[in-house]
1. I'm checking my understanding of the structure. Among residues of the stretch A:162-192 that are in contact (Cβ under 8 Å) with a residue 60 or more places away in the chain and basic (Lys, Arg), which one is nearest to the other protein chains (Cβ to nearest Cβ)?
2. Here are A:148, A:106: which of them is more than 24 Å from residue A:70 (Cα to Cα) and surrounded by 20 or more Cβ atoms within 10 Å (Cβ to Cβ)?
3. Restricting to the stretch A:1-31, give me the number of residues that are within 14 Å of DNA strand D (Cβ to nearest atom) and either under 23 Å from the mean Cα position of the chain (by Cα) or at pLDDT 95 or above (or both).
4. Among the residues of the stretch B:66-118, how many are at positive phi and more than 15 Å from the chain's Cα centre (by Cα)?
5. Give me the helices (runs of 4 or more DSSP H) completely within the stretch B:14-100, filtered to those with at least 2 residues that are of a type in the set (Lys, Arg) and within 14 Å of chain A (Cβ to nearest Cβ), ordered by residue number.
6. Please enumerate the residues belonging to the stretch B:1-31 that are of a type in the set (Gly, Ala, Ser) and either out of contact with any helix residue (DSSP H, G or I) (no Cβ under 7 Å at 6 or more places or on another chain) or crowded, with 19+ Cβ neighbours inside 10 Å (or both).
7. Where residues in the stretch A:124-155 are more than 7 Å from every other protein chain (Cβ to nearest Cβ) and among the small types (Gly, Ala, Ser), which of them is nearest to residue A:104 (Cα to Cα)?
Protein chains: 2
Amino acid sequence: MTEKSTRDNIVEAAHQLFYEKGFDHTSFADIADAVNISRGNFYYHFKTKDDILKAVIDQRMAATRDMLDAWEKEGNTPKERIRCFIEIMINNRAKIKKHGCPVGTLTSELAKLGHPALGEANEIFTVFRDWLRRQFEQMGRTKDADELALHVLAGSQGIATLASAFRDDKFIKREVEALGDWLDAVASETDA
Amino acid sequence: MTEKSTRDNIVEAAHQLFYEKGFDHTSFADIADAVNISRGNFYYHFKTKDDILKAVIDQRMAATRDMLDAWEKEGNTPKERIRCFIEIMINNRAKIKKHGCPVGTLTSELAKLGHPALGEANEIFTVFRDWLRRQFEQMGRTKDADELALHVLAGSQGIATLASAFRDDKFIKREVEALGDWLDAVASETDA
DNA sequence: GACTTGTTAGGACGGTTGTCCTATTTCCTG
DNA sequence: CAGGAAATAGGACAACCGTCCTAACAAGTC
């Protein structure tokens, strides 16, 4: 096992802390402590807090693309791929119950801070949106693919927000199932 | 027109700033400036930042109850009342596009801060949930009223989050309409 | 007019923050 | 082994934060 670079360790720790505590409420000291390095060393790698936020967003974006690419290479049908997306809610429910959706909570915070990196954070949403749209297009839904994509995205965001508020596993499973049923209905409409 | 008390002015300004900038990112000085009073005067009314957060939450809770009570006294049917709730998204879309849902974004922030007032903020969600549950019960849906209530709540949260990310009026209207159609379907199932 | 009570103003405090600087150490290259 | 670049440590800094204190003002009562 090769040692990770200090820079990568910083980005990973910052990613985790931004998710758990929020961007604004996470300090340089918090991240440096988590990586066990000095603040001076931290400054060597990232000059400003915005720099590390940008690095974290880039890393999340890359990870998102990798995940979506992998689903497309697994040879599933478009419908099965969309179901993979929906079921993130189930697989990550422990974290979502604690800290909500990583994308949704970050964009909402950056919007309130008036932070210039808001646009880049929103682009992660766009990556999901475009990927979902392509899946619906491949299902034959060329006309309203984007609208269907946004509906899936909105559904998952609603689940994440309420999952965090009520911390109810049954609610999550029920709503994921409902979204799955909706997907089945869309697919059968298209077949007909 | 009677003058409002300084205390009420503080709570109103804090409510607005917490919504626009977030709780943590809003300082005593910000609020004092908005009300045009000194920090010392501010401290006379609220000893700690948690005190004013609590006052803001109480005020929001009271306003929420008032709004829901009013809808019940207007003599509408339960289904029409639920539709009133859904259409908040339309009426408040300008603010929602800028700052998201006031309840959803606050609870998500307090969760990340590990703030002790999270429970009270979540109670606002519970007020909506219970009210919606009662409406579905009055529609005859006694068995799954709570589940239906959570579905409406989740739907509106999803709309609010994506409305803030993409700032798309058509998306909001389309999703609100879809939620309305879902409500019609639930109602017709019940009648049958 | 003195006294009391509620209200406002403005500054002091200790702590934390993001940022920056300067030594010191580590490591690779010739 | 020498020398230079990359990396790390640790502290200094100005600004801001929540909190607290004290003095002044306002208004009504005896």
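The values are calculated or read from the model by the stated rules, or taken from the named source; none is laboratory data. Worth saying up front: this structure is predicted, and the values here are computed from it rather than measured. Here the Cβ positions follow ideal geometry from the backbone for every residue, glycine too, while neighbour counts run over all protein chains shown. These area figures cover heavy atoms from the full protein model, side chains too; ligands, DNA and RNA do not enter into them. Shrake-Rupley method; radii C 1.70, N 1.55, O 1.52, S 1.80 Å.
1. The extreme case among them is A:167.
2. Answer to the check: A:106.
3. 12
4. Residues that pass the stated criteria total 2.
5. Counting at least 2 such residues, we get B:93-99.
6. Hits for the stretch B:1-31 are B:5, B:13, B:14, B:22, B:27.
7. Here the answer is A:149.
Residue by residue, here is whether (1) surrounded by 16 or more Cβ atoms within 10 Å (Cβ to Cβ); (2) within 9 Å of DNA strand D (Cβ to nearest atom); (3) without any contact (Cβ under 8 Å) to a residue 12 or more places away in the chain holds:
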residue: B:33; (1), (2), (3): no, no, yes
residue: B:41; (1), (2), (3): no, yes, no
residue: B:45; (1), (2), (3): yes, no, no
residue: B:48; (1), (2), (3): no, yes, yes
residue: B:53; (1), (2), (3): yes, no, no
residue: B:57; (1), (2), (3): yes, no, no
residue: B:61; (1), (2), (3): yes, no, no
residue: B:66; (1), (2), (3): no, no, yes
residue: B:69; (1), (2), (3): no, no, yes
